[in-house]
Amino acid sequence: MQRLIDIDDLAHYLKLRKQTIYNWLNQGKISGIKVGGVWRFERREIEAWIKSRRCSSNSGEKK
């Protein structure tokens, strides 16, 4: 499995526009690294971020 993905792959994975990801980067909502001028994202961190967002949105629900 590929460890680092670029912004195009991330946008496709999250079904978002690249501009949304750039906005999130600027707002500190998501983290990435620049390698050779290209943003890269660690797949494991993205999956953990998604899981934490899902858990936090479920915490307010009544069972």
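Observations
- The range 1-29 residues that are touching a residue at least 24 places away in the same chain (Cβ under 8 Å) and in a loop (DSSP other than H, G, I, E, B), paired with ones that are of a type in the set (Asp, Glu) and surrounded by 13 or more Cβ atoms within 10 Å (Cβ to Cβ) (beta carbon under 8 Å, 6 or more apart): Arg3/Glu42
- Residue in the range 1-15 that is modelled with the highest pLDDT, counting only those that are of a type outside the set (D, E, K, R) and more than 12 Å from the chain's Cα centre (by Cα): Gln2
- For the range 30-50, a tally of residues being of a type outside the set (Phe, Trp, Tyr), closer than 12 Å to Leu10 by Cβ and part of a helix (DSSP H, G or I) returns 5.
For every residue, the table says whether it meets (1) surrounded by 10 or more Cβ atoms within 10 Å (Cβ to Cβ); (2) at pLDDT 95 or above.
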| site | (1), (2) |
| --- | --- |
| Arg17 | yes, yes |
| Thr20 | yes, yes |
| Asn23 | yes, yes |
| Gly28 | no, no |
| Ser31 | yes, no |
| Lys34 | no, no |
| Glu45 | yes, no |
| Trp49 | yes, no |
| Asn58 | no, no |
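The values are calculated or read from the model by the stated rules, or taken from the named source; none is laboratory data. Bear in mind that the values here come from a model prediction, so they are computed numbers and not experimental data. All Cβ positions, glycine included, derive from the backbone under ideal geometry; neighbour counts span all protein chains shown.
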